[in-house]
Amino acid sequence: MTNKNKVSKRIIEQFLFPSVTLNRTKLQKTVTGKTIVITGASYGIGEQLALLFSTYNVKLILIARTAEKLNAIADIVKENGSLCNIIVADFYQETETERAIKELFTLTDTIDIFISNAGKSIMRSLENSLTRYHDFTRTNSLNYLAPVNLILATTPLIKATKGQIINISAINALLLPAPKWAAYQASKTAFDQWFRCNLTEWKIMKIQAKTIYLPLVNTKMIAPNEKYKNFPAMQPEQAAFRIAKLIYSSKSYDKPWWLLFLQTSSFFGKYIWEKISFLYLKKQNEKSI
Ligand SMILES: NC(=O)c1ccc[n+]([C@@H]2O[C@H](COP(=O)([O-])OP(=O)(O)OC[C@H]3O[C@@H](n4cnc5c(N)ncnc54)[C@H](OP(=O)(O)O)[C@@H]3O)[C@@H](O)[C@H]2O)c1
């Protein structure tokens, strides 16, 4: 990318993702001394959240597959004055999720904030998915079923502390289905629907359930997709700031300021969107023949 393009990208990013100022006093009041569970804490947004909270004397429980990375983050968290335990588990497998839940209960009998963050995205055409049923079972396990399992199991503990459950979702869950995104969008939307179905019941339990709908974030999740290298994206530190802000605020969701325009266009422009997607894919297919 040329320097000129880099500058334009940065200007667009500042416009789309304006910087967030944290009210450190409010954050401190909300999280200090609290037990916070973060899934997917070894990289990206989860890692940034763990590092951000670590300076507020919290008790963190971090879950993911990569033990070395979790241990390295736990060391920093402890250096910053907080407590930290890790659970190594692969949410692709239900037995591993069940084991993680058991391990979680041996580590704590109290949870104040549960952040459901672990996730995986896949962009793949239908044609390239024909022999890849596992893409769907994996994304479904990780993005939908494992968080359902974890949240069902931990709800009594979160109810006891009148705590919070945070859903790290994607703007795609609120927009029209997009070609090639079936595995990701179906699993993220399934979890989002499940989450929204429970909101009233959680409210009655005095649990605050909140969702952040994130745009593209510059993490390893989007790295395999060459096209995204030049796309405007939010930085993971900024995503962590927005999540922290959501946690101490009374709002139940956070989404980019411009998403409302896309949602409105989704509502009124379904036909146009389908036509544009069709013409775009047709052109791409013709190019590759
Ligand atoms: N990046 C984006 O553009 C974007 C946009 C909207 C929403 N989001 C959402 O933000 C959340 C965090 O994503 P990110 O961008 O921070 O991605 P990331 O950097 O790839 O991090 C994903 C996290 O999930 C964990 N994970 C992946 N597969 C797992 C498995 N099978 N079992 C247990 N843990 C697993 C990873 O750890 P291990 O590999 O060590 O297991 C890692 O800690 C996801 O829910 C994602 O859907 C991201």
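Coordinate-derived values only; no laboratory data. Note that the structure is a prediction, hence the values are computed from the model and not measured. Glycine gets a Cβ as well: all are built from the backbone with ideal geometry, and neighbour counts include every protein chain shown.
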Sequence ranges 41-49, 254-262, ranked by mean other-Cβ count within 10 angstrom, highest first: 41-49, 254-262
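Evaluate E = 1/(1 + (r/R0)^6) for Ile76 and Thr110, where r is the Cβ-Cβ distance and R0 equals 30 Å; express this FRET efficiency to the nearest 0.05. All intermediate terms of the calculation are to be shown ahead of the outcome.
Numbers: r = 24 Å, r/R0 = 0.78.
Computed FRET efficiency for Ile76 and Thr110: 0.80.
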Efficiency of FRET from Cβ geometry, Lys159 and Ile12, R₀ 45 Å, rounded to 0.05: 0.55
For region 103-112, Karplus couplings with θ = phi - 60° (6.51, -1.76, 1.60), whole Hz, Gly/Pro x: 5, 4, 5, 7, 8, 8, 10, 9, 9, 9
With Cα atoms, 0 to 90° folded angle of helix 182-204 axis to the chain main axis: 40
Long-range amide H partners of Lys34 with built H, under 5 Å: Lys59
Separation of the Leu281 and Leu260 label points, Cα + 7 Å toward Cβ, nm: 3.2
Exposure rule at most 13 other beta-carbon atoms within 10 Å, DSSP loop trypsin sites (Lys or Arg not before Pro): the chain longest free segment: 1-131
Cut-off under 5 Å, modelled amide H: who pairs with Thr211 long-range: Asn167, Tyr253, Asp254
Cα extents of the chain along the three principal axes, largest first (Å): 58, 42, 40
Helix-only [θ]222 nm of the chain, DSSP H runs n ≥ 4, -39500 (n - 2.57) each, per residue, nearest 500: -16500 deg cm²/dmol
Of Lys251/Lys275; Lys180/Lys251; Lys78/Lys203; Lys78/Lys159; Lys229/Lys270, those spanning more than 30 Å from alpha-carbon to alpha-carbon: Lys251/Lys275; Lys180/Lys251; Lys78/Lys203
For region 203-276 and region 37-96, distance of Cα centres in Å: 23
